[in-house]
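What follows is calculated from the coordinates using simple rules that are stated; it is not laboratory data. These numbers were taken from a predicted model, which means no experiment stands behind them. Please note: Cβ atoms are built from the backbone with ideal geometry, for glycine as well, and neighbour counts cover all protein chains shown.
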């Protein structure tokens, strides 16, 4: 049995447990695609098709097989990902922990834009929901609301949430929506937004001009006067200040919460240049790219959970050093953590090593997530 087939068999076992109602043919094909993604680490459909263990040597037939899978409406990303996303959210909320969610967008040139809501897990964020649209335009609140409602439905009851978002997202409708479920938030704003801080209408940029720190509770944002609080922090060496809208009393500490958002950047790197090379995809249709992201996400979930499990129970000397770090200097602490191998890379390498040495593969997501 080849390596892709071995990976696919393990993935299929996980699907059969978590998705018993999913059609058998879809389970089998999706499992093969996830196995091929881990083996080839590319979204290029031609390269991906070449490693599929199919009973044909014709490249065109292999690509047609993959194209049909990516066009299949039964491959519904929210339906397939739901049990795995619910398990990840439940684990993140365990013992009353706050679930950290990040909303961000990345573009594939001028072809397609991907809006994503992801869960902060260790040194990475795991994709929970995404929307793909043609072009590089900013996806508005309508798309954001669909993803946020989807994730909210998967959260365990009474879960504490903190949403982090970059500066092209904040809009009146988004802030209004966040106030309804009472989700805390840290949203970075652009400098051209209208704001009334209580002493006359101005802009967010004018409030930030020439200051290193400024904290303004109970302001009114946008022409609609949406209530929020502003924290402004401009650190030395940074070209632009952070102008952060938040649900709570603004302080330096609450402004710095926004920095947690950067965990989604390595995730996009795992999807792109440092991992699955998403930018190599030549797909033009948004729905097909959305299903390809599902395949990549399932592969990422497995790698991250395996890597996390391995780091927890078999830490390297450097990981032990990082865990024991008590240096009050955050720069030195961050330097050590940045030097660690990511859970994604560690899990990927463990799977590859197990395949090379013909050792049993760890369970697909399920057992690892319960540990």
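Between residue 240 and residue 153, the contour length at 0.36 nm per residue exceeds the alpha carbon distance by 27.7 nm. With R₀ set to 41 Å, the beta-carbon distance separating residue 110 from residue 160 gives a calculated FRET efficiency near 0.60.
Translational diffusion of region 96-263, estimated by Stokes-Einstein from the Kirkwood radius over alpha carbon pairs at 10 °C in a medium of 1.306 mPa s, is 96 µm² per second. Peptides 126-132, 86-92 ranked from most to least packed give 126-132, 86-92, packing being the mean of other C-beta atoms within 10 angstrom over each peptide's residues.
Per the Cα gyration tensor, region 26-106 maps to an equivalent ellipsoid with semi-axes of 33, 13, 12 Å, ordered largest to smallest. Highest mean packing first, where packing is the average number of other Cβ atoms within 10 Å per residue, the peptides 354-362, 35-43, 59-67 line up as 35-43, 59-67, 354-362. Relative protection proxy for 198-211, 227-240, from highest mean packing down: 227-240, 198-211 (other beta-carbon atoms within 10 angstrom).
Label-to-label distance, residue 54 versus residue 203, with points set 7 angstrom from Cα along the beta-carbon direction: 5.4 nm.
Computed from the mean reciprocal separation of all distinct C-alpha pairs, what Kirkwood hydrodynamic radius does region 207-252 have, in Å? Taking the inverse mean of 1/r over all distinct Cα pairs, region 207-252 comes out at 11.0 Å. With Cα atoms defining each centre, region 206-258 and region 52-106 are spaced 36 Å apart in the structure.
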